[in-house]
Every structure is written in C-alpha cells, then in structure tokens.
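As structure tokens, the structure follows; a few thoughts come after it.
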Amino acid sequence: MAIEPMIGRKKKKASIPMSAAKQEFSFTRRAMFVGGVQAVFGLGIGARMTYIAIAEKEKYTLLSESNRVNLTLIPPRRGWFIDRNGKPIATNRTDFRVDIIPDRLVDKEKTVATLTQLLSLDDDEVTRINKELEQSSGFQPVQIASGLDYEDFALISVRLPDLPGVSPRQGFSRFYPSGAAVGHLVGYVGPVSAEEYQKNRDPLLITPGFKIGKDNLERKFENVLQGKPGAKRVEVTARGKIVRELESREDTPGKPVKLTIDIDLHNYAARRLGLQSGSVVVMDCLTGDILTMASMPSFDPNSFSQGIGVSEYAWLREDRTVPLLNKSLQGLYPPGSTLKPLAGLAIMEQGIPAEETVFCNGGYTLGNRRFNCLGRHGNINLADAIKRSCNTYFYTMGRRIGYDKIAPVARTLGLGQEFDLPFTSQYYGTVPDSEWLKRKHNREWSSADSLNAVIGQGYVLASPFQLAVMAARLASGRQLLPNIVAGKSKKTPDLPYPKEFLDVAREGMFRVVNVGGGTATRGQLPLDDVKMAGKTGTSQVTAIRRDGRRSSEWKYRDHGLFVCYAPHDNPRYAAAVVIQHGGGSGAAYPIARDVLTFIYDKEKAMETLNALESSWGGTIEQRMARDLARYRANKAAEENAANGAASDSDEAGSNGETGSNEAENET
Amino acid sequence: MSSYNGIVPSQISSLPWRIIFLLIALASFGATILYSAADGNMMPWAAPHLVRFLIMLAAAIVMSRFPLDFWKAMTFPIYGGVLLMLIGVEIVGSLGGGSQRWLDLGFMRIQPSELMKPAAVLAIAWFYDRLPPSRSGDLISLLPPALLLAMPAALVLLQPDLGTTLAIIFGGVVVMFLAGLPLKWFTLSGAAVAALIPVAYFFALEPYQQRRVTTFLSPEDDPLGAGYHVNQSAIAIGSGGFSGKGFLNGTQSHLDYLPEGHTDFVFATMAEEWGLIGGLATIFGFYLLLRWGMRVSMNSASRYGKLVAAGLCCTIFFYIAINLMMVMGLAPVVGIPLPFLSHGGSSMMTIMICIGIIMAIERQPKSSRGKFA
C-alpha cells in the first residue's frame, strides 16, 4: 500500500471489495427500502382516493348528475289575446311536429327522402333540413315540419319503426282564428333570431317550438304572454340516448291579455273592406277604447307564426297594395275634406260667426290661379259648407284666418300626434304650418299653401287611426285618448272649444249624411232610431292643379275617406274609413255605414256582406288562397317561359278594376 | 405441510393457499365489476375474465412446481426467444405496412412485449447472480444489464408502447438497485433522466403522447378532448363517495360517460359503485400480494431467487401504481391495466407468470430465515 495517495483522502466504501455477506446485507436494506416505497405509495394513493371521494364528493356528485341528467325545457303555452267580450283573438292549438334526433339517425339520406315524400316538403325545406342536420350535434332535435295536421302526424307515426331518429311530437302553436283580419292588429310570433339570443342567453329561447312575439301586440306584451317553461328531466347516456324520464314539471301558461277590440266588429270591418286596400278604425266615444282597427289586405299571422314560405312572403312583398304595411297606423294619406269640420272649429275660434256666408261660384281665384270647388253652391254658411263639402267657403275663410290658426286645432284633435299604444310603429303624419315649412323646406308659407291645407291636401298627411281619433274627439267633445287594453281607459279633459262651436260642426256632419244634398246621403244607416253623422273626403294623389290629365291607373286614383260617428245626438261610436286609391269617398262611406250598422243590427249587416262577398269570390281566406296559388302559378310560368312577364301585370290590373266597380261614386 | 396430514394429498395441501385465495378474491372482485360494467351480464367481459384467470392460475401453479434451477437454466433461452419475437413483431409490422404489437402464431396471438417484462427481470437477475460480489461497482456490473434492458426497451418503444417500455425498464432497474450497484449511479442517472424528460417530451414522444402529458398537467383545460378520460374518472370516483352508489348503480359507467370502464379505468367503475371502501379494500388486497412477494424475496436463500422475486414483485407493483395514479389523475393516461380487475388477457398472463415464478421461489426448500435477523 502506498502511503502518499492515502494522505488527504478518506477511505471509500467502494474501494473495499464487496463481499457476499455485505451484498446480502445491502440487499436486505435496499429491499426494505423498495418495500417501504411501495407502502408509502399505497398510503399516498389511498389518501388521494379518500380526498377525492370524501372532500370532493359534493363537487363530483354534481358533475356526475349534470352528466347523467339532461334538462329539456317545455315551451310554455302563450297567453291568449281575447276581445272585450272574452272571445279569442289569439289562442294556442294543438300542433303536431316532426323532429329528427341526429344522433339516432341510421341512414340520413334515406330518412330525409322518406319524410320529404310523406310530408311533401318543398326544396327550400329540404335544403334547410340538410343544412341544420349537418350543423347539429348530439340530441338537439332538428325540426322537419311543424303545424302538421293529425293525418300527417299519423302517417309518420305508423312508419316510425322504419324511421329511427324521427320523433313526432305534440306541442302547441299560435292560432289566430280570424286569420289575416288580425294580422296587423296583433302581429305574429316566430322563432328567436340569433341576435335576440345573443342579447339574452336563456336556453328557453332556443328550445324547439318556442316562439316569441315578433310584431305589434304580440311583441309588446311578450312579458305577460310568455309564461314559464315546464321542464322534463331525463337520464341520458354519453351519446345522448334517453334512458328514462326522471320527472317533469308542467309549464305555466302566459297570462291572457284582454283587448278593447270587439273581434266580431273587427272581423266584419276587415271582411267588408273586400277587394279594397284600406283601413277601418272604430273607437268608443265614451272611453277611447279601440273597437276595431282593420287594415287590409293583410298577411295571415298563422302563416307567419309557422314560418312563412319563401314564395308566400314574396307574394306579400311584391303586392302593390302593400299587405305588409299596417295602414291603420302606418298608412299616411292626405285627409282631404274630412278636415273641414275641424277647419270650421278654427274659423269660429277666430270670431267668424257660423252664419256668415261665402258666395261660391264654383271655385276660388288666387292671383292667376283657380282653385276649384265641387259645384256652384251660391251663398253658403259653415254648416252647409260641411254638408256639401264646399271648397270655396273653406278657401275663403282659411285664407282669411291663415293656416297657422287651423293647425293647432288639428293637433288638438289628434292629427300629427303619436299615442301611447303598444304597437311597434305609428306614423305621425304632418300638420304643416309656416314654422314647419320654414324648417322643412326653407320656404315662406303662402296663401296657396293655406288653400291646399284647409281642404286636407298639400302637405297635410294623417293616418286612418288619427282620423278616427279626430272623429271621436269631435263627437265626444273630449280629448279622448285611444286605448287598446280593456279597462285601461284614461280620464280625459274636454276639448278647449265652446259647445256651440262643436254643435255647428256636428250639425254640418249630420247634414252630410241625413239631409238632401249632403255628400253621403246614401251612407244613412238602414236603421230607424240611429242616425250617423260624418264627413266625406276625396284626396288627390297627383297635385290638384294638374287636374286636367287624370290617369285611370290604380295608383293615380283618388283616395276615398270618411269619418263618422253614431248616434248623432248622443255619440257612442266614432269611425274612420280610408280606401287607398278608392276613387273617391264613395268607396269609403258605404263601408262605414255597414260597419256601424253591424253594431246595431248584425243580421242586416251580414246580409249586405254575404251578398258582396259572393260577388267578390269568397271570404278573405278563399280569395287569398286563390291569389297565392295564382301568384305561384305565374311565378312558375315565368320561370319556365322567358316571355312570362306580361301575364303577371295583366293579373294585377284586373284586381284594381274590380275594386272600382264597387265604389258608389259621389259627385 | 406434512404429507401424512389428513386425506388431502400433499401436492394439494402444500400449495400456497393463502396467496391463491387472495388471487381468487381479487379476480372474483374484478369479475363482479366487469359484470356490472356490462350492465349486469357475464358476457362479454366477466365470464372470459374468470375463465382466463382460472387457466392462468393453473398455469402459474404448474410453473411453481419447476425447481428454481430450471428457471435459472431457462433464463437466457426465454430472454433470447422473447427478444427474437420482439424483432419478429417489428419485421412483420414493417412488412405489413404498419406498427403492431401482436405476433400471430396461428393458434394464438402473443404480445412479446408483455412477456419481456418478466424475461428482462430474469435475465438481469441471472447476470447479478453470476457477478462476483467484488466486481459490483465496476463498469462490468453495469454495462451488460444495461444492454439486456436497452435492447428490448428500444424495440418496444419502436412499436410504440411507452407504458410497456417503462414497465420493462422499471423492473430491470429495481433488480439492478437491489443487486447492490452504487447508490451514486442511481441518484446521478435519476437526475439525468429528470433533465432529459423535457428533451424526450419534444423529440421522442408522438403527438398523442405529448397530448396525454399536457392533459395530465391540466386536465380541466380540455374536458371534451384528451382530458375527458381523467375528468370522467375523477367524477366516477368522487361521486362514489364513501360507500358508493351501489352494485349496478353506477351512472358514469353504465351511461358510457367513463371511457374504458372495463379495461384501464376499471378502478373508477369499481369506485363509483363500491366507494372508498371498495377502493381501500382493493388497495389492501394489492398490499397483501406485494407484501407476500417482497417477503418471498427476502426469505429466499439464493441471490437469484431474491432478485427475481423482488423484480417481478416490482413489475406487478408498476402496473398497480401507474394504473391507480392514472385513474386518480396523478399520472398521464398511458394505457396500463390494473392487475386482476381489468379485462384483458396479455396483462393477466404477465402478472400470472410473475406470480408463478415467485411461487416457485417460495417453494425453495432451502430456507435461510436464520441468516437474516
């Protein structure tokens, strides 16, 4: 052994040769170490499991349950709209629908093909279904068809064994018994749009079959009507297969909304409009309740609520009578002579006695321009000027007081006003004055403007609804506020005009209908004890000075208007009828007459209507179905033949022609 | 253990009944879980599981009747044969145009990588049995075993089968550790492995294996993808609570939320229905099994027997440890089944071969208990 290397170095274990005994000892120690490691590991894994199973049990139990249980919402039944007498306006009907659960499909193409054939689905639908099937995942159903009748439902049901993944279900869908008649009044319902779901991520919104109000009353009363969804808890496998139903909670239907509408009267008015494009609004002069607000032609809210077809929508959009526009609230027309009683109030307000006469020689000359009257009325006072709709009287007086004195009266009576009503959109219209003209057109008000405005032409625009409010306010002498929800009428102050003034205007309106020489004597109610008072209006579409060249084309024809109330001596009902391009007030007042007649004598009114409807070719539904079929046939023909465009315009022309035959022309 | 004791023949009465009962208990519990996993049916898992177990138990008992010297003599033929089969798998795989783990012998399919686990332990133990104690610590004590381990490990890694590779290496390293190699080597190589893990992660692992690792580190990030297994397993165990949801009442397994509920995640299936009690009982059963194996090792008179018993015991331990850690979210999902509970033939064959050889070592007549105090 060398000494030197040993200096400064400790003896190392490794330098000593390992003996067998030492190796055995080392083995035992190391084996015990290995065994110890195993034991420690066992304790560790046991501790870990204890932690998961005891400390985190609650968390994992919850997760396990949310795995296992799938919550399906049952869309709540929507609250009804009922009329003032409790009759249904919008209800729910049992609806059969067919869905596909994508996960359970065996042969997608074959199943879709079979359903297409059984339910005669059109190409639009098949495209949509295939697209949705591609995007869907798991067990979220894809709608194949809804609103099926029992026959179709049964047809699918008996074939179910051959159609795995197809699920026919019973649900509820919105039903409007009056169909198109109430389209503009209540609006319609529809599935929630992507934007709406972005705003409110309520899972109910994307539950199949759930619909929300999309327009007007349906939309504005959504919170009341919606109700609370029911729920069904089902146990599902990881692949979405339903194992069993665990429990279910019934839905809470939405609350009904009682409207002031008298649905029978409303339907009558809608039907009575017939082939015309126009609006009828009836109000209660005591309360301001809206009894009727019909706008025709319209769309069938039942079609919209079930998801309207592409071609049906195109048909509505392309129609020149704009069935998608609510003419009662959004149709703006020059009100024409219907504003004369109102102008009379303003004239008396300015201190001109009602007895003062104006000589009418058939027109009025302003500078070198001649403003025509309907006839030569000779010496005429206010009441008779209303009765005979003498323009000369109102030109003269209007120019004398200036339109700035008339405009405030028009506004007080409701023109140019928006009312607090649950409709999605109302148009104010225009009550012009010098200040307005300056602001809007940067021009000074001229006498010619006054002359036009005083007879409801020129810049003046009003909606049928505003005209009805005007009539109701004139008749009642109060500043009635229109109201659509039953029992919510407001107390209103009297109009700021002396009773004598109002009586003169009313007397003029009484004579219009009931005294020989009035402009609407044929509008008398066919009743012994009830007399109607009213005012006709014919408003030009083209400017009055280019009168000489009038086209007979529908869109250039005059609008026919009529405002009225009854009974004349104790006003209860006020109404406005506006017929777009009706040719004159003769198109309007017979409708007002029949609608008011309906209030007092339903049988008599129905007789009139039935006779008319048979000459028009059936009820609203029948005519709409026929028009739609014709539209589709035309479209198909157009697509087939390159020269098919001509037939379409012929079709549209004949429609308007029929309308004019019905008008009882006034002079 | 006397052959004159009663009517039971000595060949029967001398069997290690306590360990056999333990195995039967574990396998029967496994069959019970598989019965539930199949929604209360013996098929397709529980009945084959039991049949396979009984056949392999018989095989293990037969193996235990061979003297230890036989196994010693057979070590290299066995090791060499399995190594050839691994090479064969590679060749067949590359000829067939795809990786595979099976070798189809016509009448049965063999997974050589499974057989390599005990074979590698035998070979390395054989080497250290021959190595003179004085040479322990030299390079000669390290290089041949390292080679014996590296060859099969590389072949299995090529398949690729990371789990089995690690199992083979684990068994071999444990034998090397017990053989008395300097501790420093283990600490140093341990540090080296730790340093190499990130490198291996980026260069050696397949993308799906990488994903398993990242998922292991944060399973909640990917609840529907790769983290799904681990999350659903934890949900099954956690929702089982203390006493479980009851036999046949597990929802995670029966509604198919728990993937691989009859193979790798059978412990979660069990824990959901039997709760913490069932889990601790299972762990206790494994504890008894491993304690038996380690005792056999320490009580064996021969160095070969000691090393083999401990090595095989640790191979079994590796299965149990990795599987339970995986199931409880403590290890990445590597696809290692749980002995006696998971459905599957190859792993059970490996385990029963290990147990058969350990039983053979236990049967060694030369007891040298007195030598170790």
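Brief remarks follow.
- Annotation: lysines with alpha-carbon distance below 17 angstrom to A:LYS488 (same-chain offsets under eight excluded): A:LYS220, A:LYS255, A:LYS258.
- Long pairs among A:LYS108/A:LYS214; A:LYS405/A:LYS440; A:LYS340/A:LYS499, criterion Cα-Cα beyond 28 Å: A:LYS108/A:LYS214
- The ranking of A:ARG93, A:ARG244 from fewest to most other beta carbons within 10 Å of each one's beta carbon is A:ARG244, A:ARG93.
- Other residues lying with their Cβ under 11 Å from the Cβ of B:LYS72 contribute a combined charge of 0, Lys and Arg counting +1, Asp and Glu -1.
- Proxy reagent accessibility, fewest Cβ within 10 Å first, across A:ILE347, A:ILE156: A:ILE156, A:ILE347
- Cβ-based net charge around B:TRP126, under 13 Å, with every Lys or Arg adding one and every Asp or Glu removing one: +2
- Taking Lys and Arg as +1 and Asp and Glu as -1, the other residues whose beta-carbon sits under 14 Å from that of B:LEU288 total +3.
- Estimated FRET transfer efficiency (A:GLN524, A:LEU286; beta-carbon r; R0 30 Å; 0.05): 0.80
- Cα-projected label distance for A:THR252 with B:LEU205, points at 7 Å along beta-carbon direction, nm: 5.3
- Sorted fewest first by neighbouring Cβ atoms within 10 angstrom, A:ILE290, A:ILE74, B:ILE277 come out as B:ILE277, A:ILE74, A:ILE290.
- Lysines whose Cα lies under 23 Å from that of B:LYS245, excluding same-chain neighbours fewer than 8 positions away: A:LYS57, A:LYS59, A:LYS241
- Straight-line cross-link partners of A:LYS22 among the lysines, defined as a Cα under 18 Å from its Cα and at least 8 positions apart when in the same chain: A:LYS11, A:LYS12, A:LYS13, B:LYS184, B:LYS306, B:LYS371.
- Where only DSSP H runs of four or more residues are counted, chain B gives -23000 deg cm²/dmol as its mean residue ellipticity at 222 nm, each run worth -39500 (n - 2.57).
- Two-site FRET efficiency, B:VAL193 against A:GLN170, from Cβ-Cβ distance with R₀ of 60 Å, rounded to 0.05: 0.35
- Rg/Rh for chain B stands at 0.97; both radii use Cα atoms, and Rh follows the Kirkwood definition.
- Geometric descriptor of the protein assembly as shown, per residue, is 283 Å³ (volume of the convex hull of the Cα atoms).
- For A:GLU134 and B:ASN249, a Förster radius of 35 Å and the Cβ-Cβ distance give a FRET efficiency of 0.40, rounded to the nearest 0.05.
Only the coordinates and a few stated rules stand behind these numbers; no lab work does. Bear in mind the structure is a predicted one, so any value in this text is a computation, not a measurement. Please note: Cβ atoms are built from the backbone with ideal geometry, for glycine as well, and neighbour counts cover all protein chains shown.
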